[in-house]
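Every number in this text was worked out from the coordinates using simple rules, so none of it is lab data. Fair warning: this is a prediction, and the values are worked out from it, not measured in the lab. Here Cβ is always computed from backbone atoms with ideal geometry, including for glycine, and neighbour counts include all displayed protein chains.
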Amino acid sequence: MPAHLSNEQLIQTAKEFGTPLYVYHAEKIKEQYQKLTNGFSILNTKFFYASKALTNINILRYIKEIGCNVDCSSINEVRLALHAGFEPQSILYTSNGIAFSEIEEAVTAGVHINIDSLSNLEKFGKKYGHSYPVGIRIRPNIMAGGNLKISTGHEGSKFGIPVEQLNKIEEIVKANNIFIRTLHIHTGSDIKDADVFVKGIEVLFELIPHFPELEVIDLGGGFKVPYIPGEKETDINLLAQKIKETFDNHPIAGGKKFQLWFEPGKFLVSECGYLVAQVTVLKETAGAIFAAVDSGLNHLIRPMMYDAYHHINNISNPTGKLKSFTVTGNICETDTFAANRELTEIREGDYLAFLNAGAYGFEMASNYNSRFKPAEVLIRDSKAKLIRRRDDMNDLLKNQIELG
Ligand SMILES: *Cc1c(COP(=O)(O)O)cnc(C)c1O
């Protein structure tokens, strides 16, 4: 897989800051953002970076600097976005299953809100009536995305208000005169096929006549990026073209000028990130040669949690002989990064780079086994800067109360 940071650059950064290390490349984020804004220039579109993918404050500030808005999955992400300097009108809070008090805080902050349950919609209506424009998240009952664990719009999904409960939504909206400005769907992650978005829009079309104050159609995130060599990312230009045609051809939506919102997470930050780890132990067995690294599922859980493929480059021996290795972590738990994968020959002490580690990498890291969370480095204009120091023993103890 083509890496946009060179092996030398990654090794040098690993030597300077130690391993395991998350390394992010700012310009790659910008490149991805420009693909979106160029492709969608034919429509009235706004992008909100789904910050749960990677919330380091410097990444949020970079996202703001390149002109992108931000989508939040918790009130703390809203607080982080405000701390990063985003204006409230550039912040969107799309939550699920939250206490109404978080919605109240979001209203006080003045950010956009997508509501995900009849229960919170009713509480919202009672308290704010028509005074605060709001969005509702619809569950369109569409299967989409790379696999079931990352599919969020299907009939068994907890996310959104099921589309078949339209009558109930309408009842609540009418009874409280709620200003529904946005209809939102987010059907999953790793969506390659433009038709899935078109299907989602078609579900929303049925609803549009029921909400006369509607201004925004929010289609969520889920654009695909390549993880496996040969995979393609979502064709943004084609997608924009198809979405435009779908709107133009629709008798009701065609005449109205809706603003279109998207919430890309992976698409913006997946490829910008690398987890660099050092090989600690080689173990030859009858079934496999295990290469253990100084990291594990505590730092990158996606392979074990989602069966996700992360490409691995042996950046210390990029031209070595190809051989089959099983790459694991050092955690007391099965934490396989890659089973029987052909890699250029691995030796103890080599640095391995795990690709596509920007999205849902550090963000899902934990201190399991009382290991330290990795440091994070941002490379911008070819300069590497530490943006989070590695944990130390104080971090493991800081919230604990030692009883006598
Ligand atoms: C996670 C999430 C996204 C981003 O998904 P990606 O696959 O990373 O693009 C967008 N919108 C909502 C509501 C989400 O929960």
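The table below gives the values:
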item	result
Solution diffusion estimate, µm²/s, Stokes-Einstein, the chain, Kirkwood Rh from C-alpha pairs, 10 °C, viscosity 1.306 mPa s	71
Counting DSSP beta bridges with both ends in the chain, the antiparallel % (nearest 5)	45
Cβ-defined net charge surrounding Met364, 12 Å radius [Lys, Arg +1; Asp, Glu -1]	+2
Spin-label model distance (nm) - Lys126 vs Leu403, 7 Å beyond Cα toward Cβ	4.0
GluC sites (Glu not before Pro) restricted to DSSP loop in the stretch 125-175 with at most 15 other C-beta within 10 Å	Glu155
Between the stretch 309-335 and the stretch 50-122, the alpha-carbon center distance in angstrom	37
Phi-based couplings in Hz for the stretch 263-273 (Karplus 6.51, -1.76, 1.60; Gly and Pro marked x)	10, x, x, 3, 4, 7, 10, 4, 6, 6, x
Label-point separation, Thr319 to Asp381 (7 Å along Cα→Cβ), nm	3.4
Listed pairs Lys266/Lys373; Lys123/Lys174; Lys126/Lys256 exceeding 24 Å between Cα atoms	Lys126/Lys256
Hydrodynamic radius (Kirkwood) for the stretch 273-397, which is based on Cα pairs only, to one decimal in Å	15.1
Charge dipole magnitude, Cβ of K and R +1, D and E -1 - the stretch 43-269, Cα centre, debye nearest 20	260
Net charge contributed by nearby residues that have their C-beta within less than 12 Å of Arg380 (K/R +1, D/E -1)	+2
Fewest-first sequence of Val269, Val225 by Cβ atoms within 10 Å of each Cβ	Val225, Val269
In Hz, Karplus ³J(HN,Hα) per residue of the stretch 25-42 (6.51, -1.76, 1.60; θ = phi - 60°; x = Gly, Pro)	10, 4, 4, 5, 5, 5, 4, 5, 5, 5, 4, 5, 5, 5, x, 9, 5, 7
Cα-based helix-to-principal-axis angle, 194-207 vs the chain, degrees rounded to 10	30
Tail weight of P(r) past 21 Å, computed on alpha-carbon pairs of the stretch 254-333, percent	45
Extension gain from Arg79 to Glu342, taking 0.36 nm per residue of separation minus the Cα-Cα distance	90.3 nm
Footprinting exposure proxy for Ser324, Ser316 (fewest neighbouring C-beta atoms within 10 Å first)	Ser324, Ser316
Sites Thr37 and Ser119, calculated FRET efficiency, Cβ-Cβ separation with R0 45 Å, nearest 0.05	0.75
Antiparallel %, DSSP beta bridges [both residues in the stretch 43-269], to 5	5
Degrees between helix 100-109 axis and first principal axis of the chain (Cα, 0 to 90, nearest 10)	90
Residues Asp193 and Asn44, FRET efficiency given R0 of 25 Å [Cβ-Cβ distance, rounded to 0.05]	0.60
Kirkwood hydrodynamic radius over Cα pairs of the stretch 43-269, then Stokes diffusion coefficient at 4 °C and 1.567 mPa s, in µm²/s	73
Neighbourhood charge, 11 Å Cβ-Cβ cut-off, centred on Arg389 and excluding it, Lys, Arg +1 and Asp, Glu -1	-1
Packing-based exposure ordering (other Cβ within 10 Å, fewest first) of Thr234, Thr37	Thr37, Thr234
Folded to 0 to 90 degrees: helix 166-176 orientation relative to the chain principal axis, Cα	60
